[in-house]
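Peer 1: Before I ask anything, let me first share the structure, which is written out below as C-alpha cells.
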Amino acid sequence: MAINTYKEVLDFLYQQLPMFQRQGAVAFKKDLTNIKLLCDAIGNPERKFKAIHVAGTNGKGTTSHILSSIFHAAGYQVGLYTSPHYLDLRERIKINRKLISEAAILDFINRNREQIDKIQPSFFELMVALSFDHFAKEKVDLAIIETGLGGRLDSTNIISPALSVITNISYDHQDMLGDTLPEIAGEKAGIIKANTPVVIGQTQAEVQSVFDQKANEMDTTLSFADQRWHYSIQKESIDHYHLDIFQDDSLFLDNCRVDLKGEVFLKNMITAMETIHVWNECNEHVYKEHIQEGLSNIKQRTYFLGRMHVIQSKPLLIADSAHNEDGLKALFTEVEKLQYEKLHIVFGMVSDKPLSKVLHLLPTKATYYAVAANIPRAKASTTLYEELHAAGLVVKEAHSVEKGKNLALSEANATDLVLVCGSIFVVAEIAEIALSLGRD
C-alpha cells in the first residue's frame, strides 16, 4: 500500500522502525545483515560514489561538517550523512547544504516498501540506505559519511571509502562498545579497510597500539593529525576565531577565520586539515584558498547547528549538544572563559546515561533547571532534579525544555549566562534552533 504524504512517511518511520535516537540500546543491531540485504535489494548504491568515512567518540560530526564545507568550497558536489538529527530527519542527508527533499524520501519508501517490510531494518539502517541511494542518484563527487555508533558493526561500514578518519577515543556507549578505551578503539578501528589511508585525529597512548595493529593487518598507512598540524589563536569573538595554522613548523594559513567557537572544535579542524592533506596526495588538489573559504563559512555551507550556538546576547543564551564526559568537560572549559555574572544551566539527559559519569564536571556555582526532552529515552525531570539536588547543587524542576529555558531567562540578569546542554535532544527543542535550520 502506497504512502501518499510526508507525514505518513514520518508516522511509518517513527512508529514501525526501531530507533536508537528515541528508544536507546534496544534499537541497536550488532551486525550488518540488514543493511547488506537492503542495499543489495536497491542496487548497491554504496558502490557508486567516492567516500570519506568518519568515526570517533567525539568530533566526528564536526569534522564531517568541516570537510563538507571545504570540499564544497573547492567545487565538489558533496554529500553529507550525519546523525542524529535535531528536528527533521532530512538534516541527516544533505548535498552542498541542501537537505534531501520530502518528495525524495517519499519516493524511496514507496519504491522499496516491499523490501523494507520483508527485511525490517531499523530506522538508522533505513536512513543509511536512503542516503546512499540519494547520493548515487544525484551523482555526488564525494560523500562524507559519519558513523553512528562504533564503526566495525555500524551500518555505514559497508562502504569502501577512499579515506578513513577516526577523530578520537573516549568513554561513551560502554554497554555496546566496551568498558575500556582499547575495546572502544577496536570497534572504531573496524572502519579501517585494506590499502585505504587512515587519519587519526588525536594521538592517544592508551589506544595507539590498537590502530597500529589494525593498520598492519589491513596493509595500510596511519597519519596523526596532531603530529603535523598546529595553530595559534590571533583573536576570537563569541562565535568564531582567527587563527594562524601551521603545517609542521611552517605557516600554512595566516589569520584564517574559522567559523567555530570552542577550542575543542579546533582539534576537529586539525583532523580535517590532515584529511585534506592525505586526500591531496592521491586525488584532485584542494587548494589553500578553498580551505580558507571552507573554514570561514562552515555554518552557512552545511547548516552546522547546536555547538556553542549563540542565540541571544542579553542575557547571553548559548545552546550546546555536548552530552558525554569529554564533551561536557570541553564545554565547561569554554564557559569558564566567558564573561558573565551568574550562570544558569538548563540541563537534561537521556535515561541510559548515568549522571554519576559527568557529575564531577558540573559547575557548582550555577543554578540548574532540570528538564526532560520529549522523547521516550529522556531521563524524567523529577529524577534529574532529585539527583542534582542530592549532589548539593542549586536546582529547580522545570519539566519541559522550553519551560526551563524561559524560566532561566526570566531569572537571569542582562549580564548573566544561560546555557542549554546535556543532550542533543534538549538542544533540539530550543525554538531558536529550529529557526536556524535551513529548509531549502
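Computed from the coordinates by the stated procedures, all read-outs in this text should not be read as laboratory data. Because the structure is a prediction, the values reported are computed rather than measured. All Cβ positions, glycine included, derive from the backbone under ideal geometry; neighbour counts span all protein chains shown.
Peer 1: Mind checking which of M308, A136, I318 is farthest towards the positive end of the chain's charge dipole, using Cβ charges of +1 (Lys, Arg) and -1 (Asp, Glu) about the Cα centre?
Peer 2: A136
Peer 1: Please work out the FRET efficiency for the pair K235 and D40, using the Cβ-Cβ distance as r and a Förster radius of 41 Å; give the result to the nearest 0.05.
Peer 2: 0.20
Peer 1: Going 7 Å from the Cα of Q339 toward and past its Cβ, which residues in segment 296-313 have a backbone nitrogen under 15 Å from where you end up?
Peer 2: Within reach of a label on Q339, which here means backbone N under 15 Å from a point 7 Å along Cα→Cβ, segment 296-313 contributes 313.
Peer 1: Could you size up the charge dipole of the chain around its Cα centre, putting +1 on the beta carbon of Lys and Arg and -1 on that of Asp and Glu, and report it in debye to the nearest 20?
Peer 2: 780
Peer 1: For E289 and A390, what is the calculated FRET efficiency with R₀ set at 51 Å and r taken between the beta-carbons, to the nearest 0.05?
Peer 2: Efficiency, from the Cβ-Cβ distance: 0.40.
Peer 1: Suppose each label sits 7 Å from its Cα in the direction of the beta carbon; what would the R113-S250 distance come out to in nanometres?
Peer 2: So the two model labels end up 6.0 nm from each other.
Peer 1: Principal axes first, then extents: for the Cα atoms of segment 79-175, list largest minus smallest coordinate on each axis, whole Å, largest first.
Peer 2: Over segment 79-175, Cα extents along the principal axes are 40, 31, 29 Å.
Peer 1: Not counting the cut sites, what is the longest span of the chain without trypsin sites (Lys or Arg not before Pro) that DSSP labels loop and that have at most 12 other Cβ atoms within 10 Å?
Peer 2: Answer - 140-364.
Peer 1: Another question, then. May I ask for the equivalent-ellipsoid semi-axes of the chain, computed as the square root of five times each C-alpha gyration tensor eigenvalue and listed largest first in whole Å?
Peer 2: Numbers: eigenvalues 204, 155, 91 Å².
Semi-axes (√(5λ), whole Å): 32, 28, 21.
Peer 1: Want the number for N216 to F12: 0.36 nm per residue separation, take away the alpha-carbon distance, what's left?
Peer 2: Additional length available on full extension: 69.0 nm.
Peer 1: Here is a further query. If you take every DSSP beta bridge whose two residues both sit in the chain, what share of them, in percent to the nearest 5, is antiparallel?
Peer 2: Antiparallel: roughly 40 percent of the beta bridges in the chain.
Peer 1: Among S351, Q247, G262, pick out the residue whose Cα is farthest towards the positive end of the charge dipole of segment 239-387, where Lys and Arg carry +1 and Asp and Glu carry -1 on C-beta, about the Cα centre.
Peer 2: My answer, from the dipole projection, is S351.
Peer 1: A further question on this structure: Rounded to the nearest 20 debye, what is the charge dipole size of segment 90-235 about its Cα centre when +1 sits on each Lys and Arg Cβ and -1 on each Asp and Glu Cβ?
Peer 2: Numbers: 16 positive and 21 negative charges, 145 e Å.
It comes to approximately 700 debye.
Peer 1: Hydropathy first: keep DSSP H helices in the chain averaging at least 0.5 on Kyte-Doolittle, then drop any whose Cα extent along the axis falls short of 18 Å, and list what survives.
Peer 2: Qualifying helices: 123-137.
Peer 1: Can you check what the net charge comes to around F252, using other residues whose Cβ is under 13 Å from the Cβ of F252 (Lys, Arg +1; Asp, Glu -1)?
Peer 2: -4
Peer 1: Please list the non-local residues whose amide H lies under 5 Å from the amide H of E397, H modeled 1.01 Å from N, same-chain partners needing a gap of 5 or more.
Peer 2: Counting only residues 5 or more places away or on other chains, the set is A370.
Peer 1: Please list, ordered by chain and number, the residues whose modelled amide H lies under 5 Å from the amide H of A143; skip anything fewer than 5 residues away on the same chain.
Peer 2: Under 5 Å from the amide H of A143: K50, A51, I52, G79.
Peer 1: Can you work out D for segment 309-436 in µm² s⁻¹ from Stokes-Einstein, where Rh is the Kirkwood radius over C-alpha pairs, the temperature is 4 °C and the viscosity is 1.567 mPa s?
Peer 2: 91
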